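First up is the structure itself, then whatever we jot down about it.
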Amino acid sequence: MKFLERYKRAGLYGGFISLIGTLPFGVLNILAFTIGARESIQDALLFSIGVVLSEMMIVACCLKWFKLPFKKTSSVELLQYLMVGFIFFLAFQQIQQIGTPSEEKTDMLASNWPRFLLGAGLSAINPSQFPFWITWNGILKNKGLLQTTRNRNGYLIGIGIGTFCGLCCFILASQLIHDSTELVQSKTYYLSISGIFALTGIILLVRLLYARFKTSPIRSKMH
């Protein structure tokens, strides 16, 4: 009975953490909203399933090897800078789409990429997932909730459900907002999405630069 209780608790923790992590505006949930409004619910759900499965695989790797992805910090740092550059590219790309006819659009969603693969790929190259989930994995391991395979499986299932529910909130919003199709083609929308992407990129860049400054010889000399 105690074993079953820990199994359920691990699943609830995983679901709650992933749901809360999915709800703030970010690249993936905004794209889920846009696909739902511009294309179809089916395409948006396929995109979300790709995001979920990729995230679950990342968490499973973090659970198995724990801090292995961070042993080569220079590689991880390079990946993070590449992701920041990609986010700024998305911000610039959104501004380019203003006033462009639908058939001439060149943004990421205008490509013929299957939406499932697009979601899985974007989730996989998001380096912020590693520190986020490694931190939570460590906290829950210390609580004794991830000691057995069954508990870890419940945790992963909870994460998948939480992330999927979070993305579904944005997909549902794309269907409930009046004239959402016109909204995602408007100048205000492109400027807003560009601003969100740019702000996300700036925050990540500042965090990266601050982390580098903390470990730099210059800071050591200042103390």
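The values are calculated or read from the model by the stated rules, or taken from the named source; none is laboratory data. Quantities reported herein were computed from a predicted structural model and do not represent experimental measurements. FYI the Cβ positions are ideal-geometry reconstructions off the backbone, even for glycines, and counts take in every protein chain you see. Areas reflect the complete protein model, heavy atoms only, side chains present, ligands, DNA and RNA absent. Shrake-Rupley method; radii C 1.70, N 1.55, O 1.52, S 1.80 Å.
Modelled label positions at residue 212 and residue 40, each set 7 Å beyond Cα in the direction of Cβ, lie 4.5 nm from each other.
What fraction of the Cα pairs in segment 116-158, stated in percent, has a spacing above 14 angstrom? Result for the distance tail: 60 percent.
Estimated at the nearest 10 Å², the accessible area of residue 117 is 90 Å² with a 1.4 Å probe.
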